[in-house]
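Chemist: To start, I am sharing the structure in question, which I have written as structure tokens.
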Amino acid sequence: MSKAEAPHEPMAPAASRRPVMRLLEQLGRKGTLRILWELRDGMPQSFRALRVSTGDMSPSVLNDRLKELRAGGIVALADAGYVLTESGGELVKRLKPLNQWADRWFEAPEQN
């Protein structure tokens, strides 16, 4: 088992016992989706580089979200920086169709 695939704890405490609701609660936290999206290409990013690529997110928020994502087994800290785990990569892959839908929706809001 690689460092990126080590057993993990559930992400931030959530009110729901349903896994999908817990995931959506976590993804809805400030900055979480932005971090995942910036790591989607598989290239490691240092804390500083990730802060810049997330629009100068406050260091405390970025640190908190990274801790939560690491605890949830979605992000790992490798020698070269933060990266998505295999599980995190799968999650981002599943978010890409949502991104495509959002692009279409944004381009034609009057049809929605």
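Please treat every number below as a calculation from the coordinates, not as lab data. This one's a predicted model, so the numbers in the text were calculated from it and none came from an experiment. Positions of Cβ are generated from backbone atoms using ideal geometry, with glycine treated the same way; all protein chains shown enter the neighbour counts.
Chemist: What FRET efficiency, computed as 1/(1 + (r/R0)^6) with R0 = 22 Å and r the Cβ-Cβ distance, is obtained for residue 29 and residue 80, rounded to the nearest 0.05?
Modeler: Using R0 = 22 Å, I get an efficiency of 0.30.
Chemist: Which net charge results when you count Lys and Arg as +1 and Asp and Glu as -1 among the other residues whose beta-carbon is under 13 Å from that of residue 56?
Modeler: +2
Chemist: Just add up the charged neighbours of residue 29: K/R +1, D/E -1, any other residue whose Cβ is under 13 Å from the Cβ of residue 29.
Modeler: +2
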